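Quick notes on the structure that follows.
The values are calculated or read from the model by the stated rules, or taken from the named source; none is laboratory data. Quick caveat: nothing in here was measured; it's all calculated off a predicted structure. Positions of Cβ are backbone-derived with ideal geometry, glycine not excepted, and every protein chain shown enters the neighbour counts. Surface areas here come from the heavy atoms of the whole protein model, side chains and all, with no ligands, DNA or RNA. Shrake-Rupley method; radii C 1.70, N 1.55, O 1.52, S 1.80 Å.
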Amino acid sequence: QQGALAAQSANAHSFQPLFGLVLLWVPLLLPLLAYGLGVAYFIASVGVYVRDIGQVMPALSSLLMFLTPIFYPLSSVPDDLKSLFAMNPLAWGADITRAALLSGAPIDAAQWGWHMLVSLIFCAAAAWTFAKLQKGFADVL
C-alpha cells in the first residue's frame, strides 16, 4: 500500500522528464568537468607557492556554493545582482541542468557550445599555468 502511494505521489509530481533525459546528464556535465579540472590544476600549482591557499579554499568554496543557483532558480535572483551571478561559471550549468532534467526544457545548443568553449579555454590556461610553474615545484617543496 505504501509503495502504491509513493508511485502515485511521484506520478502526481510528474518527474518523467527526469527519467527520460538521464542520458543528457553527460553532455550537461562536460563543461563543469572542464571547469573542475581547470580549478584543480590552478589550485594545485598555486598552492605549492602560496601555502595559505588551503586556509582560504573552504571560505571560497562556500561562497561559490551560495552564489550558484542550486537551491534556488536563477530567476529568483534580484535583477541588480544577476550580473554578479552571471560571472559564476557554475550558475549556467546548474540552471540549465535543473530546467532540462526537472521540467524537460530543451537545451540551447549555441549557449552550451559557448559554455563548453569557455570551460575548455579555462582548463587549457590552467594546465598551461601548471606546466609553467611545475618546473619550480622541487625547489619549493
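State the Cα centre-to-centre distance between region 120-134 and region 36-64 in whole Å. So the two Cα centres are separated by 14 Å.
Taking the charge dipole of region 45-141 about its Cα centre, with +1 at Lys and Arg Cβ atoms and -1 at Asp and Glu Cβ atoms, the residue from GLY93, GLY104, PRO78 reaching farthest to the positive side is GLY93.
Note that region 83-100 has calculated 3J(HN,Hα) couplings of 5, 5, 5, 5, 6, 7, x, 7, 5, 4, x, 5, 5, 6, 5, 4, 5, 6 Hz, one per residue in order, obtained from phi through the Karplus relation 6.51 cos²θ - 1.76 cosθ + 1.60 (θ = phi - 60°); glycine and proline are x. The apolar share of the surface of region 38-141, taken as the fraction of accessible area on carbon and sulfur atoms (1.4 Å probe, ligands and nucleic acids excluded), comes to 72 percent. Computed extension length for ALA131-SER76: 15.7 nm, one decimal, from 0.36 nm per residue of separation with the Cα-Cα distance subtracted.
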